[in-house]
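The values are calculated or read from the model by the stated rules, or taken from the named source; none is laboratory data. Everything quoted here is computed from the prediction, not taken from an experiment. Positions of Cβ are generated from backbone atoms using ideal geometry, with glycine treated the same way; all protein chains shown enter the neighbour counts.
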Amino acid sequence: MPDKALSRIRITDFSGVLAGAGASRILAAFGAQVIRVENPANKGAWDPLRASAPYIDERRGHNFGGGWQNHNVEKLGVTLNLATPKGRELFPRLVAISDIVAENFAAGVLARLGFAYEQLQSIKPDIIYLSNCGFGHWGPYEQFKTWGPIVQAFSGLTYTSGLPDRAPAGWGYSYMDHGGAYFGAIAMLAALHHRHKTGEGQHIDLATTEAASTLMGTHILDYTVNGRRTRNEHGVDSNRGEALMAPHNIYAANGEDEWVAIACRDDAEWRALAGEIGKRAEDPRFTMLEGRLAHRDDLEALVGIWTADQNKFAVQRRLQALGIPAAAVQRPEERVDKDPNTAAWGLWPQVHHNEMGKVRVDGIPVHASATDWEIKRGAPLLGQHNYEVYGGLLGMSDGEIAALTAEGVL
């Protein structure tokens, strides 16, 4: 089998949750050997996802967290207690055989253990060091620690989500962690490319709060250009604000909590939709876009009455056949289990986990013709690959590994 794009890259990875683990996960899918390092003293509890819901069955414990499983596929798992002198003696040996050291501890944790970037450089001059924390390693907030809801609030995302006349709702999920992971993956690839050209490593400092701010998009633009402060009005109701399309909204379909999205980009598409709706749509107020915008409440009610007694997928097929943008609002089970694009793209592959068995995980929404990604191996059990890494890569004997395990170093 030919080498994958990153098959000659090795990462010693202390990063967890999603903001950190998600970055190395992407590189692992493209072939990098990622060695996930955890503390045996607390059974990997630094990463709360290791033992947290969702679960696949009634089993619980540090090897059964669904989020951990999803974010650490294709990685090797070792244990190492850096709070012990022998652990700190062993860590440089991992650095010496690695291309990248990645972590998302609070700022300065590795430095306080004696492994700041300069110390890592002294071990391996061309090492790439990715530190991913809440506020980065410089600036007035350097010493602050943070967590998902705090990042969301600080970055501005919490304020933007919700109805305009009600309190901020928040996003309900740490989407900003995904942003941190994506920026981390891009930064590591850029640093590898730089090292390939120059032979030089570097320190990458990533602030998750700033990565999250990039999701503010139109809200920042509206403020900086127009001086306006807005909630996520266009996301809650796409027919509000300065709309350029009408109708352009989410409409109730037949069944409980069933919906379909419809957008008419011009008058010709409206005429096609009106032909499907029938005589009620022949209202002259709706002939031109200006009239539809001026009377959009009546327009929305008209379209909603038409969709209300129809299957959402039937509406989708019917309007798409006419060239009108339309899509059923899919539930997770419809998107994952029934949509034919899932199988075509391999978006949710099954992996084998040594205790859970077969588990479905997130794939990567890109495909490369020569060096595509592959996800087959489930996340590691705690310390699952100690003998493979410490023995196979560092040349330690089984006796040495067993002794260090008994001492709590591994």
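For segment 57-81, residues that are surrounded by 15 or more Cβ atoms within 10 Å (Cβ to Cβ) and either touching a Phe, Trp or Tyr at 6+ places or on another chain (Cβ under 6 Å) or closer than 23 Å to residue 348 by Cα (or both) total 15. The residue of segment 330-365 that is surrounded by the fewest Cβ atoms within 10 Å (Cβ to Cβ), among those that are more than 20 Å from residue 25 (Cβ to Cβ) and of a type in the set (A, V, I, L, M), is 344.
Going residue by residue through segment 194-206, is there one that turns out to be surrounded by 16 or more Cβ atoms within 10 Å (Cβ to Cβ), under 27 Å from residue 11 (Cβ atoms), at pLDDT 90 or above and under 18 Å from the mean Cα position of the chain (by Cα)? Yes: one or more hits.
Pairing residues of segment 204-228 that are within 19 Å of residue 108 (Cα to Cα) with residues that are among the charged types (D, E, K, R), at Cβ distances under 8 Å and at least 6 apart in sequence or on separate chains, gives 208/177.
Out of the residues in segment 283-292 meeting the condition of being farther than 16 Å from residue 269 by Cβ and assigned to a helix (DSSP H, G or I), tell me which one is nearest to the chain's Cα centre (by Cα). Filtering first and then ranking leaves 285.
In the set 49, 110, only one residue is surrounded by fewer than 23 Cβ atoms within 10 Å (Cβ to Cβ), in the same structural domain as residue 180 (by TED's automatic domain parsing), part of a helix (DSSP H, G or I) and touching a His at 6+ places or on another chain (Cβ under 9 Å); that residue is 49. Only one entry in 41, 19, 51 is closer than 20 Å to residue 112 by Cβ and at pLDDT below 95, namely 41.
Suppose we keep only residues that are under 17 Å from the mean Cα position of the chain (by Cα) and among the aromatic types (Phe, Trp, Tyr) within segment 157-193. Which one would you say is farthest from residue 72 (Cα to Cα)? So, considering only residues that are under 17 Å from the mean Cα position of the chain (by Cα) and among the aromatic types (Phe, Trp, Tyr), the one farthest from residue 72 (Cα to Cα) is 171. The residues of segment 107-145 that are farther than 13 Å from residue 206 by Cα and either at pLDDT below 85 or aromatic (Phe, Trp, Tyr) (or both), listed by number, are 115, 117, 141, 144. Against the list (1) part of a helix (DSSP H, G or I); (2) under 30 Å from residue 29 (Cβ atoms); (3) not basic (Lys, Arg), the condition residue 173 fails is (1). Could you pull out every one of the helices (runs of 4 or more DSSP H) wholly within segment 115-160 that has 2 or more residues that are among the polar types (S, T, N, Q), closer than 13 Å to residue 176 by Cβ and in contact (Cβ under 8 Å) with a residue 12 or more places away in the chain? In segment 115-160, the matching helices (runs of 4 or more DSSP H) lie at 148-155, 157-160.
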